[in-house]
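Since the structure comes first, as structure tokens, the remarks are kept for the end.
Each value in this text was obtained by applying a stated rule to the coordinates, not by laboratory testing. On a predicted model such as this, the values are computed, not experimentally measured, just so you know. When we count neighbours, we look across all protein chains shown, and the Cβ atoms used for this are built from the backbone with ideal geometry, even at glycine.
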Amino acid sequence: MELKDTRSGFGAGLTQLGKSNPNVVALCADLTGSLKMNDFKANHPERFFQVGVAEANMIGIAAGMTIGGKIPFTGTFANFSTSRVYDQIRQSVAYSEKNVKICASHAGVTLGEDGATHQVLEDIGMMKMLPNMVVINPCDYNQTKAATIAIADYIGPVYLRFGRPKVPNFTPADRKFEIGKAVHLQDGTDVTIVATGHLVWEALQAAKTLANDGISAEIINIHTIKPLDKKAILTSVSKTKCIVTAEEHMLNGGLGDSIAQLLGRNNPAPLEMVGVNDTFGESGPPMQLLEKYGLDAKAIVAATKKVIARK
Amino acid sequence: MPNIPELKDICTQIRRDILRMVHANNSGHPGGSLGCTEFFVSLYFEIMNHNNNFSMDGINEDLFFLSNGHISPVWYATLARSGYFELAELATFRKINSRLQGHPTTHDNLQGVRVSSGSLGQGLSVAIGAALTKKLNKDNSYIYSLHGDGELQEGQNWEAIMYASANKVDNLIATIDYNKKQIDGSINDVLPMGDIAKKFRAFDWEVMVEKDGNNLEAIISCLNNAKDLSAKGKPVVIILHTEMGNGVDFMIGTHAWHGVAPNDEQLADALSQNPETLGDY
């Protein structure tokens with residue numbers, strides 16, 4: 001399996017948009033290389049805006065640039081794309097209904113060695129609480145590239161979350177990205193496992209282990225946390241009668257939290273959630289951090305066995 | 001040549017509008033609104049090339065951004081008196097189901113508003129963004145913006161000020177409403193900011209200081225000079241000395257009317273100082 005970083009998928013998508021959509025502009029807060037925006041910058045210097053280490057200003061400029069028809073893509077780390085500029089996004093982008101694409105790399109603990117100051121685990125929650133905001137967390141390079149291209153055609157604010165480490169690139173390169181439409185990866189009958197971002201791959205690995213134990217898992221990739229594909233989730237749970245959620249994010253406010261609301265209102269089936277439990281991250285190699293914080297295939301297997309026992 | 005008597009009549013009527021709007025729901029910000037009335041009338045009735053048949057994109061017209069959104073009463077009254085929406089709608093200010101929210105918003109498609117403001121310090125960045133898009137679109141129109149002086153205490157402004165000069169955003173004319181007052185008192189009591197003009201010069205802006213910021217002729221001449229200074233590689237800022245509460249004797253010279261509405265008696269007194277000119281809404 002080819003290993004590729006999702007941020008490079010973003011960079012490749014942006015490169016393609018540079019050619020196909022003259023209204024796309026890109027802004028970056030001193031992280032052009034990290035966000036893989038170099039190609040766009042080289043190909044379209046007149047449409048690339050280096051704002052320096054000034055994220056609040058970047059969000060405001062992006063909001064203003066929409067007036068007159070531009071489609072701004074802002075690029076910085078996920079922490080500086082959200083918690084640092086929450087009020088700017090809230091007022092100048094979300095409340096103002098501006099067509100800004102907030103593109104956020106290095107999300108979650110897999111940012112790795114830089115440690116907790118940079119490992120935002122609250123961003124999905126913050127962004128999904130904002131009215132008008134679409135929240136997308138693709139799982140691999142191909143899907144991130146496709147999502148980047150797709151959001152340019154959607155009119156309205158979008159938060160696009162991706163990451164730093166090289167991970168398996170397993171989704172088809174030619175699959176069109178549909179905002180808000182869950183991707184069914186594997187049929188199963190005993191449990192529904194819904195995952196987002198890097199943990200989709202972990203969920204697929206967990207499914208193999210579970211199969212060896214005679215457990216049939218249905219795997220759904222929820223790349224769009226808002227709007228949530230409620231129908232896909234409820235349909236699957238009506239069959240399997242239990243569900244596990246998995247995300248590289250805080251349990252409070254994440255995908256699992258959205259699904260708990262959905263089930264509570266519609267079909268209160270047993271639910272287990274894989275995510276970070278009310279703690280900050282730390283420095284370390286990405287995959288060791290996934291293991292330590294209970295975000296890997298092993299954790300998904302354990303949660304699955306627990307939820308099935310509760311049926 | 002501007003018709004100053006006519007513009008003065010508009011100012012007087014807008015002052016009445018502001019006072020009546022704020023009084024009607026016993027909330028809002030009359031002080032800064034009254035202090036900026038001449039500025040708004042100069043912009044909308046003399047300086048800006050703008051179209052009251054509103055489009056969000058505003059192609060080939062000048063655009064205005066209000067960063068200190070709390071002085072919405074003067075903006076709403078100016079927009080209504082410019083024909084952006086019906087005068088009668090001013091009566092809905094701050095009431096439920098109104099498009100005239102306490103602080104301006106695009107949320108309800110109010111003609112004339114292009115971004116929400118109220119949480120301070122964000123408007124200059126937005127104005128810069130709009131100015132950059134004008135340049136990309138080869139649209140030679142101007143971007144105007146207004147900011148409170150106390151608002152400059154928000155750090156985002158200085159990010160934006162640094163960016164605009166470094167990137168030669170020279171189709172932008174920002175104005176600072178320099179009334180030297182903020183909610184808790186005078187700027188010098190709350191957080192002294194020293195010489196604001198000097199600070200902008202240090203950031204390589206073209207700086208104009210207008211000490212007569214409640215005088216229509218002075219403002220119009222200043223804004224015309226600002227246009228002449230534009231397109232020369234530097235953003236332009238006008239430090240506009242204004243009197244908070246201007247036009248109402250008991251509101252002038254104090255920060256007390258920043259966000260306080262007049263009672264019935266005070267309203268009657270204030271209106272008697274600003275007799276009806278164009279007809280109340």
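The figures follow:
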| item | result |
| --- | --- |
| Cα gyration tensor, the range A:183-309 - rounded (a/c under 1.5), prolate or oblate | oblate |
| Around B:Met56: net Lys/Arg minus Asp/Glu count, Cβ-Cβ under 15 Å | -1 |
| Placed amide H near A:Phe77: partners under 5 Å, 5+ positions off or other chain | A:Ser105 |
| Around B:Ile187: net Lys/Arg minus Asp/Glu count, Cβ-Cβ under 11 Å | -2 |
| Under the Debye formula (equal points on every Cα, no solvent term), log10 I(q)/I(0) of the range B:173-235 at q = 0.22, 0.25, 0.27 Å⁻¹ | -1.01, -1.13, -1.19 |
| Positive-end residue of B:Gln122, B:His107, A:Thr6, charge dipole of the protein assembly as shown with Cβ unit charges | A:Thr6 |
| Of every Cα-Cα pair in the range B:4-272, the percent that sits beyond 25 Å | 40 |
| GluC sites (Glu not before Pro) lying in DSSP loop within the range A:214-301, provided at most 15 other Cβ fall within 10 Å | A:Glu282 |
| Under 16 Å from the Cα of B:Lys180 - aspartates and glutamates, other chains or at least 8 residues apart | B:Asp149, B:Glu151, B:Glu154, B:Asp189, B:Asp195, B:Glu210, B:Asp212, B:Glu243 |
| The range A:1-49: Cα Rg divided by the 2.2 N^0.38 Å rule of thumb | 1.14 |
| For the range A:130-236: relative contact order, % (alpha-carbon pairs under 8 angstrom, 6 or more apart) | 35 |
| 5 angstrom amide H check on B:Gly253, placed H, neighbours 5+ away | B:Met244 |
| Two-decimal log10 I(q)/I(0) for the protein assembly as shown, as the Debye equation yields it once each C-alpha is a single scatterer, q = 0.05, 0.08, 0.10 Å⁻¹ | -0.26, -0.61, -0.85 |
| Cα-Cα over 19 Å, subset of A:Lys145/A:Lys298; A:Lys36/A:Lys98; A:Lys70/B:Lys234; A:Lys101/A:Lys231; A:Lys98/B:Lys134; A:Lys41/A:Lys145 | A:Lys145/A:Lys298; A:Lys36/A:Lys98; A:Lys70/B:Lys234; A:Lys101/A:Lys231 |
| Chymotrypsin sites (Phe, Trp or Tyr not before Pro) within the range B:62-110, DSSP loop, no more than 10 other Cβ atoms inside 10 Å | none |
| Hz values of 3J(HN,Hα) by residue in the range A:286-292 - Karplus curve (6.51, -1.76, 1.60), Gly and Pro given as x | x, 6, 5, 5, 4, 5, 4 |
| Cut-off under 5 Å, modelled amide H: who pairs with A:Val25 long-range | A:Ile71, A:Phe73 |
| Phi to ³J(HN,Hα) by Karplus 6.51 cos²θ - 1.76 cosθ + 1.60 over the range A:87-92, Hz, x for Gly, Pro | 5, 5, 5, 4, 7, 7 |
| Overall dimensions of the range A:3-168 by Cα: Rg and Dmax, Å | 14.0, 41 |
| Dipole magnitude (debye, nearest 20) for chain B, charges at Cβ of Lys, Arg, Asp, Glu | 720 |
| FRET efficiency, B:Glu217 to B:Lys168 (Cβ-Cβ, R0 45 Å, nearest 0.05) | 0.90 |
| Cβ-placed point charges (K, R +1; D, E -1), dipole of the range B:63-186 about Cα centre in debye, nearest 20 | 260 |
| Dipole magnitude of the range A:165-311 about its Cα centre (Cβ charges: Lys, Arg +1; Asp, Glu -1), debye to nearest 20 | 440 |
| Value in Å of the Kirkwood radius, where chain A supplies the Cα pairs that are averaged | 19.2 |
| Among beta bridges that DSSP assigns inside the range A:166-299, antiparallel share in %, nearest 5 | 20 |
| Dimensionless Rg over Rh [the range B:1-83; C-alpha; Kirkwood] | 0.97 |
| Prolate/oblate/rounded label for the range A:235-282 (Cα gyration tensor, a/c 1.5) | prolate |
| Spin-label pair B:Ile59/A:Asp39, simplified geometry with 7 Å Cα→Cβ offset, distance in nm | 3.0 |
| Along chain B, longest interval not containing exposed GluC sites (Glu not before Pro), exposed being DSSP loop plus at most 12 other Cβ atoms within 10 Å | B:87-275 |
| Dipole of the protein assembly as shown [Lys/Arg +1, Asp/Glu -1 at C-beta], most positive-end residue of A:Ile308, B:Ala131, B:Tyr84 | A:Ile308 |
| ³J(HN,Hα), Karplus 6.51/-1.76/1.60, whole Hz, each residue of the range A:48-53, x for Gly, Pro | 10, 10, 8, 9, x, 7 |
| Where labels lie 7 Å past Cα in the beta-carbon direction, separation of A:Gln205 and A:Lys19 in nm | 3.4 |
| √(5λ) per eigenvalue of the Cα gyration tensor, the range A:30-99, largest first, Å | 20, 16, 8 |
| Taking chain B and dividing mean pair separation by its residue count, relative contact order in percent (alpha carbons under 8 Å, at least six apart) | 27 |
| Contour minus Cα-Cα distance for B:Leu191 and B:Lys232 (0.36 nm per residue) | 11.4 nm |
| Antiparallel bridges, percent of DSSP beta bridges restricted to the range A:3-168 (to nearest 5) | 15 |
| Computed over the range A:183-309: relative contact order in percent, which uses C-alpha pairs under 8 Å that are six or more apart | 29 |
| Mean shadow area of the range B:47-199, taken as a quarter of the surface of its Cα convex hull (nm²) | 9.6 |
